[in-house]
1. Quick check on Ser390: is it farther than 30 Å from Gln342 by Cα, hydroxyl-bearing (Ser, Thr, Tyr) and modelled with pLDDT under 85?
2. Name the residues in the range 54-78 that are among the aromatic types (Phe, Trp, Tyr) and at pLDDT 85 or above, would you?
3. Name the residues in the range 175-196 that are touching a Ser or Thr at 6+ places or on another chain (Cβ under 9 Å) and among the hydroxyl-bearing types (Ser, Thr, Tyr), would you?
4. Quick check: anything in the range 436-449 out of contact with any Pro (no Cβ under 6 Å at 6 or more places or on another chain), loosely packed, with under 14 Cβ neighbours inside 10 Å and at pLDDT 80 or above?
5. Looking only at residues in the range 411-435 that are under 30 Å from Val379 (Cβ atoms) and polar (S, T, N, Q), which one is modelled with the lowest pLDDT?
6. Only one of Gly219, Gly190 is surrounded by fewer than 18 Cβ atoms within 10 Å (Cβ to Cβ) and under 24 Å from the mean Cα position of the chain (by Cα); which?
7. Among the residues of the range 146-162, write down those that are crowded, with 17+ Cβ neighbours inside 10 Å and under 30 Å from the mean Cα position of the chain (by Cα).
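The values are calculated or read from the model by the stated rules, or taken from the named source; none is laboratory data. Fair warning: this is a prediction, and the values are worked out from it, not measured in the lab. As a convention, Cβ positions derive from the backbone with ideal geometry for all residues, glycine included, and neighbour counts pool all protein chains shown.
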Amino acid sequence: MRSLWAGLLAMTLLLPGWALAQADGQPDQQITNLDQLLQSVREKQQQQRMRNVEREERFLRERNEQRALLAQAQRDFEKGKQENQPLLAVTEANGQEIQRLQEQLQEVVGDMGDFSSTFREFAGDFSAVLQDSMISAQMPDRADELRSLAATTSQPGIEAIQSLWLLVQEEMTESSRIERFEAPVVRVDGTVTQRAVLRVGPFSAFSEGDFLRFVPETGELLVLSRQPAGRYRDAAKEFAEQPGVVSSISVDPSRGSLLGMLSYTPSLRERVDQGGMIALIIIALGVLGALMAVWRGVYLSMVYFRIRAQLDNLQSPNSANPLGRVLLSVKDIDLNEEELLQLKLDEAVLAEMPALERGNGVIKLLAATSPLLGLLGTVTGMILTFQAISLFGTGDPKLMAGGISQALVTTVLGLVVAIPLLFSHSVIAYLARSMIQRLDEQCAGVLARNAEQQDRVK
């Protein structure tokens, strides 16, 4: 047991010495007993103690040097801080100024961004205005530069701004002028000829008395396929032939829209074609009714004047008028036979009534039938419209235009025919009734005179 504890003690004491020996790079010495081991350990401890003292001294020395360096650095820092104090104030002021300038820069950049977007938007809108303007027929390719300005993404320069301003000023100036220039004009048949053109501001253009329409897509001047009334064309021609003379002229204030609508406005023949067969029937009935109304009006007017003439000479009845024939019917009757006299007069008046009222019923029938035919055309046109809607939907209004046109045209034609016929029927019926009333009055007068004569005889 003792030998075991002695071995453990030896190993405990031997390990530090061996480690120190290895650290010093010295070779291991042969140790044969515990005394040698103890002596070796003591020597190693002494050596280690000397090394630690040396290290401690070196550390203290280096620490003092570092403290001195730190103190010197602190002194230099304080000195530099005192020397740099004015510079720090300047730096702080410069920082504040830089911050202020940066804020101003942000505001300017924001304003320039808004200006750039506004400039591009206005350039795009104004390019469309120039393209649609009548002035572009005289000054083409003005809108190309504006389109390039509107398409750019960079900030507009002074030259771009001046260019836009000059174009705006040019458009304003030319809008107040009447100019003459040579330009190609497209005729109705499609041929192009070089003609003298008179431009009245941005509103209208004329050439040889013809109204022209400007096509923005092609930049061409077209002769209207359907010109305004002759007086407007004559005024335009006179205005063009007499420069420097104050005269009147018609212009399109909508800058071509009204003249363009005139080209698409159908004529009377086209309206009738839109109404179809029903429109032709209505027109035929209207013509028939108008002829009958004229015939009856002329006939009744002649009868009226003949009756007036007969009233001035009742003693000499004339068979050429109804009143004369009524008076002649009782010429050979004994005046004492009052009852027979009255019957003869009634018979004569009744015989004249068909001639006076002939055709009135037909005119009234035609006046009543025309609106009904117009309503029939309206219903037919709406049926066609609904058929087009069921097949193609409501995306294209042109597909429904035919049915709607028929519906509206027939209704208008029916009313146009019916209203004059109703008025004519009223006038003719009034004339016929007035003359029948005049005959009744004269018959009553004859009976009254006969009764008066009988009273005198008695």
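1. Spelling it out, Ser390 is indeed farther than 30 Å from Gln342 by Cα, hydroxyl-bearing (Ser, Thr, Tyr) and modelled with pLDDT under 85.
2. Hit for the range 54-78 is Phe59, nothing else.
3. Answer for the range 175-196, where residues must be touching a Ser or Thr at 6+ places or on another chain (Cβ under 9 Å) and among the hydroxyl-bearing types (Ser, Thr, Tyr): just Ser175.
4. Within the range 436-449 (the criterion being out of contact with any Pro (no Cβ under 6 Å at 6 or more places or on another chain), loosely packed, with under 14 Cβ neighbours inside 10 Å and at pLDDT 80 or above), the answer is yes, since at least one residue qualifies.
5. Thr411
6. Result: Gly219 is the single residue among Gly219, Gly190 that is surrounded by fewer than 18 Cβ atoms within 10 Å (Cβ to Cβ) and under 24 Å from the mean Cα position of the chain (by Cα).
7. Within the range 146-162, Leu146, Leu149, Ala150 meet the criteria.
Conditions (1) of a type in the set (Asp, Glu); (2) touching a His at 6+ places or on another chain (Cβ under 9 Å); (3) surrounded by fewer than 16 Cβ atoms within 10 Å (Cβ to Cβ), marked per residue:
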position: Glu270; (1), (2), (3): yes, no, yes
position: Gly275; (1), (2), (3): no, no, no
position: Ile278; (1), (2), (3): no, no, no
position: Val298; (1), (2), (3): no, no, yes
position: Leu311; (1), (2), (3): no, no, yes
position: Pro317; (1), (2), (3): no, no, no
